[in-house]
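Coordinate-derived values only; no laboratory data. Please read these numbers as outputs of a predicted model, since none were measured by experiment. Glycine also receives a Cβ, built like all others from the backbone with ideal geometry; neighbour counts cover every protein chain displayed.
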Amino acid sequence: MKKLILVMILSSALFTGGALFDGVDNQDMTQPTIHFWEKNPMKFNTYVKGQCTYYVFNHIRQDGNMINNKWGDAKYWAEKADDEGYKVNHVPSVGSILQYPKGEHGHVAYIEKVNSDGSLMVSDMNYRKPYEGTKRTVSSYQVDSFNYIHPKNNVKT
């Protein structure tokens, strides 16, 4: 009888701990349903709210594509994406990520449009200040200065 009670207590503790982890790990609460058994790599946005990385991750998720949620600061994204087999080059395309590795944290932006003159329409966050979303044009002479990360299709969506 004591073993049965011990097994029940341990089982309850494991399921409670898993449910708590699921709730804590879902910090952005964009999907407030229970996802304990789900294996979707885009399930959680672990980047800091108000930052460019958080914004771009959400945009990629909305497109039904995927990137890793553990690449850290924007300045590391191209290197880590390349290490994980993502296509990283100097050729922008709609839906890809513009990555600038310079500065303390670097910067990433989402490519909305490639214009006929070679300039880019991008959207991002924290370009000027935290939590501020911007849409802006990157001139054609600047385009070669950046890396472009091409997200993979998320088959789990």
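Listing for the model above:
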quantity: Segment 69-157: GluC sites (Glu not before Pro) falling in loop per DSSP and having at most 10 other Cβ within 10 Å; calculated: GLU104
quantity: Stretch gain in nm, segment TYR131-GLU112, where the contour uses 0.36 nm per residue and the Cα spacing is subtracted; calculated: 4.9 nm
quantity: ASN65 long-range amide H proximity, modeled H, under 5 Å; calculated: ASN154
quantity: Chymotrypsin sites (Phe, Trp or Tyr not before Pro) within segment 96-157, DSSP loop, no more than 16 other Cβ atoms inside 10 Å; calculated: TYR127, TYR131, TYR141
quantity: FRET E, pair ASP144, LYS70, Förster distance 30 Å, beta-carbon r, rounded to 0.05; calculated: 0.55
quantity: Inter-label distance, nm, simple model (7 Å from Cα along the C-beta direction), SER93/GLU79; calculated: 2.6 nm
quantity: Low-density loop cleavage sites - trypsin sites (Lys or Arg not before Pro) in segment 90-140, where at most 16 other Cβ are within 10 Å (DSSP); calculated: LYS102, ARG128
quantity: Straight-distance crosslink candidates among lysines, where the alpha carbon sits under 28 Å from LYS49 and sequence neighbours closer than 8 are dropped; calculated: LYS39, LYS70, LYS75, LYS80, LYS87, LYS102, LYS113, LYS129, LYS135, LYS152, LYS156
quantity: Footprinting exposure proxy for MET8, MET66, MET125 (fewest neighbouring C-beta atoms within 10 Å first); calculated: MET8, MET66, MET125
